[in-house]
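First comes the structure, then the notes that go with it.
The values are calculated or read from the model by the stated rules, or taken from the named source; none is laboratory data. Here the structure is a predicted model, which is why all the values come from computation and not from measurement. As a convention, Cβ positions derive from the backbone with ideal geometry for all residues, glycine included, and neighbour counts pool all protein chains shown. Accessible surface areas use protein heavy atoms only, side chains included; no ligands, DNA or RNA. Shrake-Rupley method; radii C 1.70, N 1.55, O 1.52, S 1.80 Å.
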Amino acid sequence: MNKRSKWIGALSAVVLTAALTVSSVFPAASVKAASNLVPDYEVKLLMPANVVLGSDDKLKSEVRSAFGMPDSVTKMNVQFLDTDGKDIYSNGWSPRIRKKEGDSKFELSYKKRYPIVNGNIDAALTKANQEGFDASDTNYEAQVEWGYQNKTLSITRSKDVKKSGYSGMDLPSVKDSRQLLIDNAPGKFDKWLYAGWGSEQLQKSRNYGPVLAKRYTGTYSGLKTYIEVWPIRSATGSGTENVVEISFKTDDRDTASQKHDELVTYLKSKGWFLAQDSLKTQLIMDRY
């Protein structure tokens, strides 16, 4: 090997050593993925309508008394929009219009649901993150809907809008409902399968509902608690079937777990527990 080759080899070794030293001291910057959304928790349990409601479809006084609930209720008129083939719902989305008693605006919401498998909440949050729902987008709210046995992660974008020509508890016509939901559709919903997907589905959608529900407000174990009565069309299509749901919210997962179990035990002791998971939205989509 001549002197020139030896010199080049030595220089190469020095450069390589320096590069390795620099890389060990200053490692390459990594791109940190956005963290998962942080959910709150809503425990939802069912109560047997034939036990807790009177013949007037109102909560019996002993039930109201147990949760410190006055006789007064807040009414809520609710409808969902989807195609006849339920193309939106089958892709995990539920666009909804709600009017609450006393409110001057319609509440539009676009909810994306993820099943929680084997109780693994974090896996569902990670799945949602992979599909674009992460903590960097503050327009969406994440919630774990904690039923009797099943849990569901819901991620919701809501917006309140006014629409002239409607008063009281009236909901918009199909035409106006479509336009309101299209005009206010968030990007993630509208581009779910391809650009304009959400608007395209809404343009050919119809109403599922409406359902005029009523809500009682009280407390359980220091937590604000609701009992809602939803008169949903019966499976036969003639008449309605009351679905009675008791619920409370908390920001803490351990509290949700503990109070869920305590409430189940308490309701069972009173004979006020229905051992099923609440499926209000599913029933409305099936029966309207």
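Remarks
- Toward the positive end of the charge dipole of the chain, with +1 on the Cβ of Lys and Arg and -1 on the Cβ of Asp and Glu, the farthest Cα among TYR148, TRP93, THR265 is that of TRP93.
- Restriction of the trypsin sites (Lys or Arg not before Pro) in region 129-196 to DSSP coil positions whose beta-carbon has at most 11 other beta-carbons within 10 angstrom yields LYS162.
- One entry in (i) 24.2, 84; (ii) 26.3, 107; (iii) 17.1, 51 is Rg and Dmax of the Cα atoms in Å calculated from the shown coordinates; its label is (ii).
- Residue-span extension gain [LYS249 to SER234] - 0.36 nm each, minus C-alpha spacing: 2.5 nm
- A 1.4 Å probe run over region 40-287, with the rest of the protein chains in place, finds 47 Å² accessible per residue.
- A full extension of the chain between ASP87 and SER55 corresponds to an added length of 7.7 nm, given 0.36 nm per residue minus the alpha carbon distance.
- Of LYS105/LYS127; LYS75/LYS268; LYS44/LYS259; LYS75/LYS188; LYS58/LYS175; LYS188/LYS214, those spanning more than 23 Å from alpha-carbon to alpha-carbon: LYS105/LYS127; LYS75/LYS268; LYS75/LYS188; LYS58/LYS175; LYS188/LYS214
- What the phi angles of region 97-111 give under the Karplus curve with 6.51, -1.76 and 1.60, with θ = phi - 60°, is a coupling list of 10, 10, 10, 9, 4, x, 8, 8, 10, 8, 9, 9, 9, 10, 10 Hz, glycine and proline written as x.
- Options ASN242, GLY196, MET76, ranked by Cα towards positive dipole end of the chain, top entry (Cβ charges): GLY196
- Rounded FRET efficiency, nearest 0.05, which uses the C-beta distance separating ALA33 from GLU241 and R0 of 51 Å: 0.65
- Taking amide H as placed 1.01 Å from N in the peptide plane, the amide H of LYS151 sits under 5 Å from that of ILE116, each at least 5 places away or on another chain.
- Gain on full stretching of the segment that runs from GLN258 to ALA275 - 0.36 nm per residue minus C-alpha separation: 4.4 nm
- Solvent-accessible area, 1.4 Å probe, carbon plus sulfur percent, for the chain: 49
- Pair SER199, SER167: separation of 7 Å Cα→Cβ label points (nm): 3.4
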